[in-house]
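To start, the structure itself, in structure tokens.
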């Protein structure tokens, strides 16, 4: 990753509102006990955080609000001031507005100016893509410190008055899987031996001739009255393809670094849902690695997920430890991964 190692100095995260359990969702949408049991069995997510009021549908926080909170926390933990940031990169599927870009709104609130800023439009792989872009820029030697941010506010697409029992499964699943949140990390070429080094970053478009597994629409004046759902999932395609792509990512990272599976201490698997994550982790077969997952508590909050995993990982990473993270974007099938090492 260049002559000067690129290190993860810190991570910060932000969640909107209190945790909302499945029983609260069932009560709000008039679903019965059998429905709750189905969610517990086939999805497994226990709680999620939503950036809207579940009763009224009113917005509580925007992506810029959450991104700012996460960034402030990451900067404080790194002991870095906003004035020291040379590059800002945001990954999201759900910006607050098309323009101005949410990354620039966050930068403005942090009083960051006069530096390159980038907003990557992507699903769950966008968090890794922020590392890829920032690491490439830092490796040039022109920049020293980058702020990378990932997050999504998916609940703004919810219709809180909808009759879930009348919706097709590919729409109902969005009310169950997803949550909102944001995360941030400070990456730097500064010499801090205690901070883990980014050893490899991988992002690959892998959707040639594949139908989208997820669609998220942004309506304009011409089509805002369209009968098409704002969001839909082909969960069967996701269930079939994500484990395969995840395995390919893991193999490529290991081959690139010359690592064996038993030399990896921590695995950060894709965080679609609790049940899917369990299946994928078993397939990846890092039997000696500790799994770092968050989706059971946060819900699938898209581009924030990797940062919540890293927030749990960093305090645990002991001297001479390695971690592999895998993220898959199902909208047009992007595979992504990240390898960190501390103390070697």
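Quick rundown of the values:
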item: Criterion violated by residue 310 - all others in (1) touching a residue at least 40 places away in the same chain (Cβ under 8 Å); (2) farther than 18 Å from residue 181 by Cα; (3) touching a strand residue (DSSP E or B) at 6+ places or on another chain (Cβ under 8 Å) satisfied; result: (2)
item: 2 or more residues surrounded by fewer than 21 Cβ atoms within 10 Å (Cβ to Cβ): qualifying helices (runs of 4 or more DSSP H) within segment 274-314; result: 274-284, 295-298
item: Residue match in segment 87-103 (condition: in contact with a helix residue (DSSP H, G or I) (Cβ under 7 Å, 6 or more places away or on another chain) and either on the phi > 0 side of the Ramachandran plot or assigned to a helix (DSSP H, G or I) (or both)); result: yes
item: Residues of segment 71-84 that turn out to be crowded, with 16+ Cβ neighbours inside 10 Å and either touching a helix residue (DSSP H, G or I) at 6+ places or on another chain (Cβ under 8 Å) or free of Cβ contacts under 8 Å to residues at least 60 places away in the same chain (or both), as a count; result: 4
item: Members of segment 260-275 that are touching a strand residue (DSSP E or B) at 6+ places or on another chain (Cβ under 9 Å) and farther than 13 Å from residue 323 by Cα; result: 270, 271, 272, 273
item: Residue within segment 257-271 that is at pLDDT below 95 and in a loop (DSSP other than H, G, I, E, B) present; result: no
item: Residue in segment 230-244 that is outside the structural domain of residue 107 (by TED's automatic domain parsing), in a loop (DSSP other than H, G, I, E, B) and modelled with pLDDT under 95 present; result: yes
item: Residue, surrounded by the fewest Cβ atoms within 10 Å (Cβ to Cβ), within segment 144-159, restricted to residues that are in a strand (DSSP E or B) and over 15 Å from the mean Cα position of the chain (by Cα); result: 145
item: Condition check for residue 68: in the same structural domain as residue 183 (by TED's automatic domain parsing) and surrounded by fewer than 17 Cβ atoms within 10 Å (Cβ to Cβ); result: no
item: Close pairs from segment 213-242: first more than 18 Å from residue 94 (Cα to Cα), partner exposed (fewer than 11 other Cβ atoms within 10 Å of the Cβ), Cβ under 8 Å, at least 6 apart; result: 234/211; 235/169; 237/211
item: Pair list, Cβ < 6 Å and 6+ apart or interchain, from segment 327-338 residues that are assigned by TED's automatic domain parsing to the domain that holds residue 267 and within 15 Å of residue 277 (Cβ to Cβ) to residues that are at pLDDT below 95 and outside any strand (DSSP E or B); result: 327/124; 330/213; 330/238
item: Some residue of segment 172-180 being assigned by TED's automatic domain parsing to the domain that holds residue 135, surrounded by 17 or more Cβ atoms within 10 Å (Cβ to Cβ) and without any contact (Cβ under 8 Å) to a residue 12 or more places away in the chain; result: yes
item: Of all residues making up segment 18-45, the number that are surrounded by fewer than 16 Cβ atoms within 10 Å (Cβ to Cβ) and in a loop (DSSP other than H, G, I, E, B); result: 4
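So that you can scan it fast, the table gives a plain yes or no per residue for (1) more than 11 Å from the chain's Cα centre (by Cα); (2) closer than 23 Å to residue 257 by Cβ:
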| residue | (1), (2) |
| --- | --- |
| 300 | no, no |
| 305 | no, yes |
| 309 | no, yes |
| 313 | yes, yes |
| 319 | yes, yes |
| 323 | yes, yes |
| 330 | yes, no |
| 333 | yes, no |
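The values are calculated or read from the model by the stated rules, or taken from the named source; none is laboratory data. Everything numeric in this text was worked out from a predicted model, so none of it was measured. Neighbour counts run over all protein chains shown; Cβ positions are idealised from the backbone, glycine included.
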